[in-house]
Amino acid sequence: MNVLIIGGAGYIGSHVVREFLDHGHNVTVFDDLSSGLRENLFPEATFFHNTILEYPALLAACRGTSDTNGFDAVVHLAAFKAVGESMLQPEKYSLNNISGTINILNAMADTGIKYMVFSSSAAVFGQPQYIPLDEKHPLDPESYYGFTKLEIERIMGWYDNLKGIRFASLRYFNAAGYDARGRITGLEQNPTNLIPVIMETAVGMRKELTIFGNDYDTRDGTCVRDYIHVNDLSVAHAAALDYICKNNKSLKLNLGSETGATVLEILESARRITGRPIPSIFSGRRSGDPKALTASSKLAWELLGWKAELSDVDTIIRSTWEVYKRKGIKV
Ligand code: UD1
């Protein structure tokens with residue numbers, strides 16, 4: 001298929017591009033490089049450097065070239081994702097995440113592209129009422145970031161109804177790790193997520209890791225999260241696109257490993273694998289952090305035959321360390 005991957009130069013996007021190329025798809029990447037990196041691009045994929053906020057450019061990209069003869073599907077991963085920032089600068093998230101997605105859907109409707117795979121998030125659920133979280137769990141985001149993802153899911157529902165655009169909305173839990181075959185090496189800039197922060201500490205780019213809270217009612221007092229390897233996520237994107245094309249039906253899926261790890265368990269694995277001390281301090285809780293979040297991915301198994309294969313903590317940490325140990329700069 002001819003697939004336009006928007007946000008394909010980013011951390012998750014580049015892994016998805018690699019997976020689609022490996023599947024034999026013809027891939028074009030569209031990215032504004034605001035957080036994506038040129039070094040994450042593959043020569044086999046055509047690249048458009050532009051923003052989803054520029055409607056004419058987006059429309060032209062969606063029309064494709066005479067070579068591609070238009071696109072069959074869009075994979076959309078172009079969003080801001082810093083939960084804390086979204087509470088301070090909601091305007092930025094409204095514009096890029098919500099308006100940007102509306103532009104994409106309009107360009108798809110204008111050019112007759114019928115399928116979309118969208119990066120959603122476990123943040124659509126808010127504080128869990130029970131775990132593991134399945135797709136029936138109530139939707140009540142705690143952050144503006146989570147709200148943007150939920151709002152987009154609703155808008156996609158309307159475009160499905162009114163324009164026949166079928167979508168797969170994939171709610172990632174905690175995306176982590178790097179390509180197991182070492183083909184992607186771009187480091188996220190100014191990361192806020194736990195594992196890249198740990199890695200930056202391991203290579204000396206940061207003095208210490210601040211652990212947000214050690215008084216949660218969990219096995220060691222720190223928060224539990226469901227870390228899912230980006231290679232596993234990428235496989236799910238390809239399978240989800242196959243599903244919506246074959247069944248002409250949209251779907252929303254929770255994607256996680258179905259296991260949980262605490263902050264201290266992640267840190268212990270990182271210290272062991274890197275052999276670095278990784279200094280840490282405890283601080284107070286971070287606002288809005290649920291104590292434990294794990295996914296039920298039963299529906300993904302039933303519909304796509306998908307389950308996580310590479311998402312044990314040590315594989316995630318080892319694949320990440322392979323990249324950071326080569327590229328981390330001591331300051
Ligand atoms: C959040 C979202 C998730 C989203 C992701 C994108 C929620 C519930 N989850 O994940 O859907 O895809 O952001 O960025 O909104 N931690 C520290 N010190 C640090 C960083 C993190 O202790 O310096 C702890 C956090 O308190 C948390 C865990 O590590 O317990 C994971 O945090 P993080 O990597 O930021 O991801 P989430 O907030 O779980």
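The values are calculated or read from the model by the stated rules, or taken from the named source; none is laboratory data. Not measured: the values here are computed from a predicted model. Ideal geometry is used to build each Cβ from the backbone, glycine not excepted, and the neighbour counts take in all protein chains shown. Each accessible area value is taken on the protein alone, full model and side chains, heavy atoms only, with ligands, DNA and RNA left out. Shrake-Rupley method; radii C 1.70, N 1.55, O 1.52, S 1.80 Å.
Summary table below
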| read-out | value |
| --- | --- |
| Solvent-accessible area, 1.4 Å probe, carbon plus sulfur percent, for the chain | 51 percent |
| Reach of Lys298 by Cα under 28 Å, taken over lysines that are not fewer than 8 positions away in the same chain | Lys81, Lys114, Lys136, Lys149, Lys246, Lys249, Lys252, Lys307 |
| DSSP-loop trypsin sites (Lys or Arg not before Pro) across region 168-202, with at most 11 other Cβ within 10 angstrom | Arg181 |
| Dimensionless Rg over Rh [region 1-128; C-alpha; Kirkwood] | 0.97 |
| Relative contact order of region 46-98, pairs being alpha-carbon contacts under 8 Å that are 6 or more residues apart, as % | 25 percent |
| Accessible surface, per residue, of region 116-256 when the full set of protein chains is kept, probe 1.4 Å, Å² | 39 Å² |
| Cβ-placed point charges (K, R +1; D, E -1), dipole of the chain about Cα centre in debye, nearest 20 | 360 debye |
| Neighbour-limited loop hits for GluC sites (Glu not before Pro), region 182-224 (at most 12 other Cβ within 10 Å; DSSP other than H, G, I, E, B) | Glu208 |
| Between 0 and 90°, nearest 10: helix 11-22 axis offset from the chain longest Cα axis | 50 degrees |
| Mean Cβ count within 10 Å, highest first, over the residues of peptides 145-151, 293-299, 2-8 | 2-8, 145-151, 293-299 |
| C-alpha long axis of helix 100-111 to longest principal axis of the chain, angle in ° | 30 degrees |
| For the chain: relative contact order, % (alpha-carbon pairs under 8 angstrom, 6 or more apart) | 18 percent |
| Computed over region 260-322: relative contact order in percent, which uses C-alpha pairs under 8 Å that are six or more apart | 52 percent |
| List Arg18, Arg285, ordered by accessible area with a 1.4 Å probe, largest first | Arg285, Arg18 |
| Cβ charges +1 (Lys, Arg) and -1 (Asp, Glu), total dipole of region 193-331, debye | 480 debye |
| Cα centroid separation - region 231-259 against region 131-199, whole Å | 12 Å |
| Built amide H within the under 5 Å cut-off of Phe48, gap 5+ | Val29, Phe30, Asp31 |
| Fraction of antiparallel bridges per DSSP, the chain only, in percent to nearest 5 | 5 percent |
| Residue-wise HN-Hα coupling along region 175-180, computed from phi with Karplus coefficients 6.51, -1.76, 1.60 (Hz; x: Gly, Pro) | 5, 7, x, 10, 2, 5 |
| Fluctuation leader among Asn248, Asn174, Asn96 - the chain, Gaussian network, Cα springs under 10 angstrom | Asn248 |
| Angle between the chain longest axis and helix 230-247 axis [Cα atoms, degrees, rounded to 10] | 30 degrees |
